[in-house]
Amino acid sequence: MTPLSFTTPRTARYLSLGEPGPAIEHVWVCLHDHGQPVADLAQQLANLDTPERLLVLPEALSRHELPVINGEVPRTGATWFAADSLLADLADLGTYLNGLVQEVLAGCPPGTPLTVLGYGHGAAAACRWLASNGVDYDRLILYAAVFPPEIDRRATLVALPERPVLVVSTTTDTYSPEAAGEGLMQDLLDVGLSAQQRLVDAGPPLPLAVLGASNEA
């Protein structure tokens with residue numbers, strides 16, 4: 001049997017820490033990890049939640065219920081793409097995020113800087129999105145980035161616009177050594193992108209200085 005495709009509208013969900021308006025000076029679009037509830041990423045980024053900064057946390061389109069442990073409240077995770085439907089998933093991702101960003105920025109002052117942050121698999125999703133679409137962003141942050149085998153990391157990075165990249169690496173992720181960021185940094189420099197790396201070993205929330213946000217005026 002050969003799977004067939006059919007394009008249909010989807011209702012997407014996202015968290016917004018802050019609201020678009022004339023007081024917003026910075027917009028951050030933050031992509032969660034594989035299967036991660038959006039609220040968990042919001043907790044990690046709690047220090048960014050200030051009156052002048054708007055955080056937008058989209059939820060991936062492929063939702064699923066997470067296993068319930070010890071009677072806890074059921075929670076929903078989501079994934080950005082699957083290996084057997086990668087191109088279609090990435091096309092849907094681009095349509096979704098382009099529309100969301102356009103709507104958010106329309107409610108903010110003209111020229112409001114846009115930072116894109118991707119965590120774990122969300123870093124790979126962010127890179128493919130930005131490499132494939134004409135999104136005008138100012139900075140990319142790759143936090144504990146993990147590129148799954150179906151994503152060609154170097155080919156993706158080559159296609160990124162020339163924008164500053166900050167690699168935030170964790171020393172506490174024992175699941176994926178890739179989160180240490182060494183190979184990613186080398187690839188970024190090899191393709192000619194301006195990249196810096198910062199290490200974090202503390203739990204959430206992440207410090208502003210690690211995210212390069214303490215100097216935002």
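Going by what's in this entry, would residue 55 be described as touching a strand residue (DSSP E or B) at 6+ places or on another chain (Cβ under 7 Å) and among the aliphatic types (A, V, I, L, M)?
Spelling it out, residue 55 is indeed touching a strand residue (DSSP E or B) at 6+ places or on another chain (Cβ under 7 Å) and among the aliphatic types (A, V, I, L, M).
Rundown of residues vs (1) closer than 20 Å to residue 142 by Cβ; (2) open to solvent by 50 Å² or more (accessible area, probe 1.4 Å); (3) out of contact with any Cys (no Cβ under 8 Å at 6 or more places or on another chain), yes/no style:
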{"position": "18", "(1), (2), (3)": "no, no, yes"}
{"position": "40", "(1), (2), (3)": "yes, no, yes"}
{"position": "48", "(1), (2), (3)": "yes, no, yes"}
{"position": "73", "(1), (2), (3)": "no, yes, yes"}
{"position": "82", "(1), (2), (3)": "no, no, yes"}
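Residues are listed down the side, and each one gets a yes or a no for (1) open to solvent by 50 Å² or more (accessible area, probe 1.4 Å); (2) at negative phi; (3) at pLDDT 95 or above; (4) part of a loop (DSSP other than H, G, I, E, B):
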| site | (1), (2), (3), (4) |
| --- | --- |
| 117 | no, yes, yes, no |
| 123 | no, yes, yes, no |
| 140 | no, yes, yes, no |
| 174 | yes, yes, no, yes |
| 183 | no, yes, no, no |
| 186 | yes, yes, no, no |
| 189 | yes, yes, no, no |
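I'm checking my understanding of the structure. Among residues of the range 155-172 that are surrounded by 15 or more Cβ atoms within 10 Å (Cβ to Cβ) and of a type in the set (Val, Ile, Thr), which one is modelled with the lowest pLDDT?
Checked the range 155-172; the qualifying residue modelled with the lowest pLDDT is 170.
If I filter the range 97-109 down to residues being touching a residue at least 12 places away in the same chain (Cβ under 8 Å) and surrounded by fewer than 19 Cβ atoms within 10 Å (Cβ to Cβ), which single residue comes out as farthest from residue 54 (Cα to Cα)?
That would be 98.
The values are calculated or read from the model by the stated rules, or taken from the named source; none is laboratory data. Since we're looking at a predicted model, the values are computed, not measured. Glycine gets a Cβ as well: all are built from the backbone with ideal geometry, and neighbour counts include every protein chain shown. With ligands, DNA and RNA removed, areas are computed over all heavy atoms of the protein, side chains included. Shrake-Rupley method; radii C 1.70, N 1.55, O 1.52, S 1.80 Å.
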